[in-house]
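Data first, discussion second: the structure below is written as structure tokens.
The values are calculated or read from the model by the stated rules, or taken from the named source; none is laboratory data. This structure is a prediction, so every number in the text was calculated from the model and none was measured. Backbone-built Cβ (ideal geometry, glycine too); neighbour counts: all protein chains shown. When the accessible area is computed, the model is the full protein with side chains, heavy atoms only, and any ligands, DNA or RNA have been set aside. Shrake-Rupley method; radii C 1.70, N 1.55, O 1.52, S 1.80 Å.
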Amino acid sequence: MQRTDPPPPPLADRRPLLSADSLRKSFGPLPVLRGVDLTIERGQVLAIIGPSGSGKTTLLRCLNGLETAESGRIEASDGQTVDFSARPGRAALNRLRDRSAMVFQHYNLFPHKTVLENIIEGPVVVQRRPRAAAVAEARELLDRVGLGAKEANYPSSLSGGQQQRVGILRALALRPELLLFDEPTSALDPELVGEILSLMRDLAREGWTMVVVTHELQFAREVAHHVAFIDDGEIVEHGPPDQLLRRPEHERTRQFVHRLLHPL
Ligand code: ADP
Ligand code: MG
């Protein structure tokens, strides 16, 4: 009899895209990550919430290899494992860095480069892709977000929302496996927040894997598949958005969510 079951997916497709195990990091005497475990599933959005100073930015930077954790491991779906206790070499850290691209709170665009130059910098200079192809792709991206007419502008002539859209395109142009967003709307005037969240919603729908540090609970509730609450360098709890945001198990989570919803 002929076998009709589809074959199981290859191992790489069943593994989380990236998982972190017991990440620890201190700055001098200050412990900032105290053993963080995190699983990032392919095609899913993980929202990270938590108070200021709790280690959210440091965690993203460790996932991206911008910061080197002191101990713990990061494992990727293709089997690459970075063991920070074993002093990973530059090649391993670079490979980790290449997996993801970061979108920053303050956009971090190059002020002396045009919008187009900002977007093609990574593909051309870092990834050594042909310039013409990178330019064509950047123009497609710009058209897609309604900024086609702004390619020759300098960042300072754009609104915050436009600059952040360029920040997101710059990350997309790297074609990373994973997008990391560090409070991407926190620096924006309130009326500009919506356009960025809506672009991020589109990216989630397209199947991008995203880790989003955010205070936008509504966004987390609607778009995230999973939410993690971090406090004082530890993941206090994590779960589906409805559970974590409406029925948290831990008092610290409950208080934090309550304060965000009722700031006064
Ligand atoms: P969050 O993003 O949650 O606000 P951070 O990860 O930025 O938190 O920072 C966590 C703690 O680590 C804070 O106390 C911060 O002052 C400290 N910290 C962050 N980066 C550095 C650094 N490069 N040098 C020294 N201390 C740092
Ligand atoms: Mg931060």
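How much of the pair distance distribution for region 38-189 lies past 19 Å, counting alpha-carbon pairs only, in percent? Walk me through the numbers before you get to the answer.
Values: 6580 of 11476 pairs.
Result for the distance tail: 57 percent.
Only residues of region 224-264 count here: report those whose backbone N is under 15 Å from the spot 7 Å along Cα→Cβ of Arg201, or say none.
Correct set: 224-225.
Using R₀ = 35 Å, calculate the FRET efficiency as 1/(1 + (r/R₀)^6) where r is the Cβ-Cβ separation of His225 and Leu264; round to 0.05. Mind dumping the intermediate values first?
Working: r = 31 Å, r/R0 = 0.88.
Calculated value: 0.70.
Rg and Dmax of the chain over Cα atoms: what are they, in angstrom?
Just the Cα atoms of the chain yield Rg and Dmax of 19.2, 69 Å.
With 5 Å bins from zero, work out the P(r) of region 162-215 over every alpha carbon pair and list the percent per bin.
Result, from short to long distances: 4, 19, 34, 28, 12, 3, 0 percent.
Would you calculate a helix-derived [θ] at 222 nm for the chain, using -39,500 (n - 2.57) for each DSSP H run of n ≥ 4 and dividing by the full residue count, to the nearest 500?
Roughly -10500 deg cm²/dmol at 222 nm, from the helical runs in the chain.
Treating only the Cβ of Lys, Arg, Asp and Glu as charged (+1, +1, -1, -1), what charge dipole size does region 87-243 show about its Cα centre? Round to the nearest 20 debye. Don't jump to the answer; show the numbers that get you there.
Values: 18 positive and 22 negative charges, 217 e Å.
That gives a dipole near 1040 debye.
Let me see the P(r) profile for region 110-175: every Cα-Cα distance counted, bins of 10 Å, each bin given as a percent of all pairs.
All Cα pairs, binned at 10 Å, distribute as 24, 61, 15, 0 percent.
Counting only heavy atoms of the protein chains, get the accessible area per residue of region 110-175 (1.4 Å probe) and round it to a whole Å² value.
On the way: 3220 Å² over 66 residues.
Each residue of region 110-175 exposes 49 Å² on average to a 1.4 Å probe.
Give the ranking of Arg165, Arg97 by solvent-accessible surface, highest area first, calculated with a 1.4 Å probe.
Ranking Arg165, Arg97 by accessible area, largest first, yields Arg97, Arg165.
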